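Take a look at the structure set out below.
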Amino acid sequence: MSGLLITGASGFLGTALLAAAGPDAVGLTSATDVRDPEALAAAFADAAPAVVIHTAYRQHGPDAAAINADGAGNVARAARAAGARLVHLSSDVVFPGDGTRPLREDDPVRPVTAYGETKAAAERLVLTADPGALLVRTSLIVGGPGHAPSPHERLALAAARGEQDVQFFTDEIRSAIQVGDLAAALLALAETDARGVLHLGGPDAVSRLQLAELVVAAAGLDPAALRGRPAPPDRPRHCPLDSGRALALLAPDRHPRGVRAVFAR
Ligand SMILES: NC(=O)c1ccc[n+]([C@@H]2O[C@H](COP(=O)([O-])OP(=O)(O)OC[C@H]3O[C@@H](n4cnc5c(N)ncnc54)[C@H](OP(=O)(O)O)[C@@H]3O)[C@@H](O)[C@H]2O)c1
C-alpha cells in the first residue's frame, strides 16, 4: 500500500504491517516520539501519508499514560492535519471482562487495569481529535510456528522449559489473533470507509493457559509442564471479542484464523 505511515514500526505488529504493506510504506519508531507534536508534524510532512496506522505504545512504566493516551491524541491531530485516514490500535482490556458473552463495540468501556485506562483514554482523545478515525480493538497478538514469537509465546516456552516459574490464568479468556492475519485485515480495513470502533480478534476464545498449551505443543514441548491458576479479581477476565462487524467488511481470505488452526501441528 502506498501512502501508508505506520507508528511503532519496530514493534511486533508494526513489523508485520510493514512487511505486508510493501516497500512504499513508511515506518516510524520511538526515534519519532509520539509525545512530541513537532517531531510528529515533521515526520508527517516528510511522509505525506494518505493512511496512518498507529500501533506505538508502552504497556508498562511511568511513561505509558503519556505515550498511549496523549501520544495517540497527538498522532490523531497530526493525521487530521495531514488529511490522512487514521487507523488506531486499541485493546480488549478497555473492558472490565466481567460479562459472559463476547464483547460488542458499544459495550460500556470500564477498564480495570492501569494499562486499560491508558488505552481507554487514548480512544477518547483520538475520537475527539479525529472523529473520522477507525479504532480497532484487538486481542493477544501471537506469531505462531515459523514466525518470530510474541512475548506471550516466549513466556509459555520459557515456562515449559523450566526457565521461568509462571502460572497461566485459567479464566482470562481472550480472542488471540495471529500477527500476519491482523496486519492483513488492518490493511484491508484501512481501505474501507469504516469509522468509529471495530472489534477484531481471532475466532477461538482461549484462556491464557490454553493459549500457552497450544504454543508449547506446537514447539514439541509438553503442555502438561505448564501450571494454571484463576486470575486475581482485579484482572479483565472475560474479554472475547465479537468481531462480526469487522468480518462483514472483510473478504473471507482476510478473516483471521483461530489460534487452534494457527498452532495446529
Ligand atoms: N501485543 C498484544 O498482545 C496486544 C493486544 C491488544 C492490543 N495491542 C495493541 O496493539 C498495538 C501494537 O502492539 P505491539 O505488541 O506490536 O507493540 P510492541 O511490540 O511493544 O511495539 C511498540 C512500538 O511502539 C514504539 N514506541 C514505544 N514508545 C514510543 C514513543 N514514545 N513514541 C513512538 N513510538 C514508541 C516502539 O518503538 P521502539 O522499538 O523504538 O521502542 C515499538 O515500535 C498497541 O497499540 C497495543 O495496545 C497489542
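Which pairs turn up if I take residues in segment 89-101 that are free of Cβ contacts under 8 Å to residues at least 60 places away in the same chain and look for partners that are near the ligand (Cβ under 7 Å from one of its atoms) with beta carbon separation below 7 Å, at least 6 apart in sequence or on another chain? Here the result reads 91/119; 91/138; 94/119, each pair linking segment 89-101 to a residue that is near the ligand (Cβ under 7 Å from one of its atoms). Look at segment 61-80: where a residue is under 16 Å from residue 120 (Cα atoms) and assigned to a helix (DSSP H, G or I) and a partner is of a type in the set (Ser, Thr, Tyr) and away from the ligand (no atom under 12 Å from the Cβ), sitting 6+ places away or on another chain with Cβ atoms under 9 Å, you get 73/128; 76/128. A count restricted to segment 206-228 and to residues that are open to solvent by 50 Å² or more (accessible area, probe 1.4 Å), of a type outside the set (Asp, Glu) and either under 19 Å from residue 139 (Cβ atoms) or touching a strand residue (DSSP E or B) at 6+ places or on another chain (Cβ under 6 Å) (or both) stands at 3. Exactly one residue out of 51, 112 is at negative phi, in contact (Cβ under 8 Å) with a residue 60 or more places away in the chain and in contact with a strand residue (DSSP E or B) (Cβ under 7 Å, 6 or more places away or on another chain): that is 51. Is it the case that segment 32-42 has a residue that's under 27 Å from residue 149 (Cα atoms) and not polar (S, T, N, Q)? There is at least one residue in segment 32-42 that is under 27 Å from residue 149 (Cα atoms) and not polar (S, T, N, Q).
Restricting segment 192-203 to residues that are open to solvent by 30 Å² or more (accessible area, probe 1.4 Å) and in contact (Cβ under 8 Å) with a residue 12 or more places away in the chain, which is nearest to residue 252 (Cα to Cα)?
Taking segment 192-203 first, the residues open to solvent by 30 Å² or more (accessible area, probe 1.4 Å) are 192-193, 195, 203.
Within this subset, residues satisfying the condition of being in contact (Cβ under 8 Å) with a residue 12 or more places away in the chain are 192, 195, 203.
Details: 192: 15, 195: 21, 203: 13 Å.
Per the stated criteria, the residue is 203.
For segment 7-52, the candidate set comprises residues that are polar (S, T, N, Q) and not in a helix (DSSP H, G or I); within that set, the residue that is surrounded by the most Cβ atoms within 10 Å (Cβ to Cβ) is 7. For beta carbons closer than 7 Å, sequence separation of 6+ or different chains, a first residue in segment 116-144 that is closer than 17 Å to residue 190 by Cα and in a loop (DSSP other than H, G, I, E, B) and a second that is away from the ligand (no atom under 11 Å from the Cβ) and open to solvent by 10 Å² or more (accessible area, probe 1.4 Å), the qualifying pairs are 130/80; 132/195; 133/127; 133/195.
The values are calculated or read from the model by the stated rules, or taken from the named source; none is laboratory data. Note that the structure is a prediction, hence the values are computed from the model and not measured. Every residue, glycine among them, receives a Cβ derived from its backbone with ideal geometry; neighbour counts consider all protein chains shown. What goes into the accessible areas is simple: the full protein's heavy atoms, side chains included, and nothing from ligands, DNA or RNA. Shrake-Rupley method; radii C 1.70, N 1.55, O 1.52, S 1.80 Å.
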